[in-house]
Amino acid sequence: MADWRDEVEPWVLESRIKVPYTWTAGETGSHYLLELKDNKKFWGTRCPQCKRIYHVPKRNCPECFTECTEWVELGPLGTLRDYTIMRKAEPRLHTLPVPFAYGVIFLDGSDTGFLHLLYEYEEADLAEGLRVEPVFAEERTGHILDVKYFRPAKAVS
Ligand SMILES: [Zn+2]
């Protein structure tokens, strides 16, 4: 006996789902984020083998795979290595009004850069080598956006 389901061609619909989720930041990430939240301090890790200092901190050195066991306080000032200016608003993604910039920042003491937001700048001042300082959020939650953005450092050091 034929089943009517054998004659129905599957109809495929495309859609998107949004799935809220949580995850642990891990031992290294938790230490880093809680120090940002509670003490407004940046920490990196140093590889005992190749001596490279990572920011954001790594549990294991991506160059030589040695466990990074030493914490090193970094910054809070840093140097801008590269940037791109955002001129079109994307409210679902951006926390700042346009124009703002994304920059690769090497915190003082770190051998690696990280990506963060730039704001409160004069566009003509944006250049490789610009000294920048963090602007922390009043209410911090243990997130990388506890630093709202970086801006040109007021005092050159
Ligand atoms: Zn290493």
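Relative to the longest principal axis of the Cα atoms of the chain, the long axis of helix 26-39 makes an angle of roughly 50 degrees. Taking Lys and Arg as +1 and Asp and Glu as -1, the other residues whose beta-carbon sits under 11 Å from that of GLU128 total 0.
Across region 57-139, the mean sequence separation of Cα contacts (distance under 8 Å, 6 or more residues apart), normalised by length, yields a relative contact order of 31 percent. Positive end of the dipole of the chain (Cβ unit charges, origin at the Cα centre): among THR141, TYR54, PRO152, the Cα lying farthest that way belongs to PRO152. Between ARG81 and THR22, the contour length at 0.36 nm per residue exceeds the alpha carbon distance by 18.0 nm.
Counting beta carbons within 10 Å around each of GLU128, GLU138, GLU133 and listing the fewest first gives the order GLU138, GLU128, GLU133. Which pairs, out of LYS58/LYS88; LYS18/LYS41; LYS51/LYS154; LYS37/LYS58, put more than 25 Å between their alpha-carbon atoms? Where the Cα-Cα span goes over 25 Å, the pairs concerned are LYS58/LYS88; LYS18/LYS41; LYS51/LYS154. Label sites at ASP125 and ALA2, each approximated as a point 7 angstrom past Cα along Cα to Cβ, lie 7.7 nm apart. Multiplying the residue separation of LEU93 and GLU73 by 0.36 nm and subtracting their alpha-carbon distance yields 4.2 nm.
Listed values for region 99-108 are Karplus-derived 3J(HN,Hα) couplings in whole Hz (6.51 cos²θ - 1.76 cosθ + 1.60, θ = phi - 60°), namely x, 9, 9, 9, x, 8, 10, 9, 5, 4, and x replaces Gly and Pro. Of the peptides 19-32, 91-104, 50-63, the ranking by mean beta-carbon count within 10 Å, highest at the top, reads 50-63, 91-104, 19-32. Pair-distance distribution P(r) for the chain, from all Cα-Cα distances in 10 Å bins starting at 0: 10, 30, 29, 15, 5, 5, 4, 1, 0 percent.
Contact order, relative form, for the chain: 19 percent (alpha carbon pairs under 8 Å, 6 or more residues apart, mean separation divided by residue count).
The distance between label points at LEU34 and GLU133 comes to 2.9 nm (points 7 Å beyond Cα on the Cα→Cβ vector).
Beta bridges assigned by DSSP with both partners in region 83-157 are antiparallel in approximately 95 percent of cases. Highest mean packing comes first when the peptides 117-126, 8-17 are listed by Cβ atoms within 10 Å, giving 117-126, 8-17.
Coordinate-derived values only; no laboratory data. Owing to the predicted nature of the structure, the values given are computational and were not obtained by experimental measurement. Every residue, glycine among them, receives a Cβ derived from its backbone with ideal geometry; neighbour counts consider all protein chains shown.
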